[in-house]
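Some notes on the structure that comes next.
Just so it is clear, none of the values below were taken in a lab; they were calculated from the coordinates. Remember, it's a predicted structure, so these values are computed and weren't measured experimentally. A quick note on method: Cβ atoms are made from the backbone with ideal geometry, for glycine too, and the neighbour counts reach across all protein chains shown.
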Amino acid sequence: MPPRQMPPRTVSPCQTPPCDAPPSVEGGPAGVPTRRALLGGAAALGLLPGGALAQAAKPAAKDAPKPDAPKADAPKPEAAPKAPARPLVAGPGKLRLREEPAAETASWCFDGKAAPPVLRIKLGEELRVRVENRTDKPLSLHWHGVRNRNAMDGVGGVTQAPIAPGADFTYAFTPPDAGTFLVRPLVVGGSSEPSGRGLAGMLIVEEKAPPAVDADVALLVQDWRLEADASLMPFGQTLFAASNGRLGNLVTVNGRPVPDGFEARPGSRIRVRLANACNARGTRIRFEGLKVYVAAVDGQPTDTFEPLRATLPFPPGTRYDLLVDLPPEPGAKGSISALIGQGLALASVVTKGEPVSEKRGPIAPIGENKLLPAEIKLQNAMRRDVIITGGAVAPKDAAKDTPKDKPPAEPVFTGDPAKVWSVNGASGTVGLAPIFSVKRGQVVVLALRNDTAFPQGLHLHGHVFRLLHPLDDGWEPYWLDTFQLLEGRTARIAFLADNPGRWLISATVLERFDTGLWTCFEVT
């Protein structure tokens, strides 16, 4: 059954909360880089190049007065009271994913709402969220892309004990970077089900001086694997985990079947934050009727650029901040589509109402992140190999036994269903030893090799990295925390290990994560 057409929604002008306001939640739809990427599609990612980011640390003035030492008997100032943690209740819910007379789909959701939450804070504010687990499975929430404190990274079984059913846990941290981040369930051995039942969200950390736009729109993409009666297909199929993952047969944006639609005034400049929270589905997205500029990749700002051939890669865990100037005439239309089958419209926009009278200059970068280094010195880097193996394989002798006019035989997996995948020979499990340890401030270069039959979406926790060119003669000019490594390929990434703790390199396809496709390293 084709997805039903959803009515358009109106985008209201952006509202900037005062700096002392508590976090808000949207509950409704809501080195030296080279220029080779211009022609080659930016290595594995297919993006156009931008510029490197710079670090600017100000030295202390030599003659600056020193503060007086406090007297021993002086009363200590009282600490400012912390804002109460906002409750975020994960529990059973219902979603209308197929038209009547099909039943609603029994799902899991936050705060009883179909739309995934969008948490918004200002850069420098502390996020305090008390997660209450009212599901029947252990839970923890990973703040995907946040260079977080290790204890708040949200990997159940590694950085924290999972939140048991009926229990709660408070996440409290101050993100160091502005940007667009994902909220995904991540529990060793148990991530796919809570995600596949609908638990996901976005964290938006707004810049202290954000770009002037008329609307700021968040679009969270999920997919669902449904039976004919709109119920969820059972979880735990080993072949899904050993192959492409749990690919859904229905796609939603902000909790509603696609396409999502919204309206904006003619001549508006809008910021679109697009995030992939699918369990397994990676695709490419295409823009039609819109001149789009990418302003940030995986939450980190870059020089603005137009996507090559108006498309962008979109594996699970990826985020983009897009800036778009809409046409000045009413009734103009544009859309964002996924290259699935003949194309699947994800969201559309139509101009309506009085044109925007304010004249703005050309779209420009949203600003650099000065906390990140201007270059990564590779000469003295620690270098390690990371080799991914496992998964389903084609049956032996299948190629010679299959007639030429028949499709190839399906891959099979006959091993331990809990240890489908391995990294450097070990499947990820609770208590896994780090594959290396590095002192804080050391540059690390990882050669990631995919010796499996499937593309692998990979995520580096607690850090951001540069994707190196094959000869280490430069890197792609944007920071990443997530990328896709094609089967049989090797890619090198470089990062500054500046965040202490035990951190994961993990699959973003959650069925693979649950069955061993992750490892960890330690920064001391």
Trypsin sites (Lys or Arg not before Pro) lying in DSSP loop within region 427-490, provided at most 15 other Cβ fall within 10 Å: 439, 440, 489
- prompt: What's the local net charge at residue 190, with K and R +1, D and E -1, over the other residues with C-beta under 12 Å away?
  reply: -2
task: Give me the Kirkwood hydrodynamic radius of region 307-362, using the inverse of the mean 1/r over all pairs of distinct Cα atoms, in Å to one decimal.
output: 13.9
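Below 12 angstrom from the Cβ of residue 425, what's the summed charge of the other residues (Lys, Arg +1; Asp, Glu -1)?
Numbers: positive: 419; negative: 385, 451.
Neighbourhood net charge equals -1.
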- prompt: What order do you get for 125, 99 when you list them from fewest to most C-beta neighbours inside 10 Å?
  reply: 99, 125
statement: Under the 7 Å Cα-to-Cβ spin-label approximation, residue 385 and residue 418 lie apart by a distance in nanometres of 3.0
query: When a footprinting reagent is the concern and you count Cβ atoms within 10 Å, what order do 208, 94 take, fewest first?
result: 208, 94
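When DSSP beta bridges are limited to those with both residues in region 382-523, what percentage is antiparallel, rounded to the nearest 5?
Beta bridges within region 382-523, antiparallel portion: roughly 75 percent.
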query: Average projected area of the Cα convex hull of region 382-523, in nm²?
result: 10.1
message: For the pair residue 394/residue 358, report the inter-label distance in nm, with labels modelled 7 Å from Cα in the Cβ direction.
response: 5.8
- prompt: Any idea which of 156, 194, 124 is furthest toward the positive side of the dipole for region 111-199, if Lys and Arg beta-carbons carry +1 and Asp and Glu beta-carbons -1?
  reply: 124
- prompt: Using the 10 angstrom Cβ neighbour count as an exposure proxy, how do 191, 437 rank, fewest first?
  reply: 437, 191
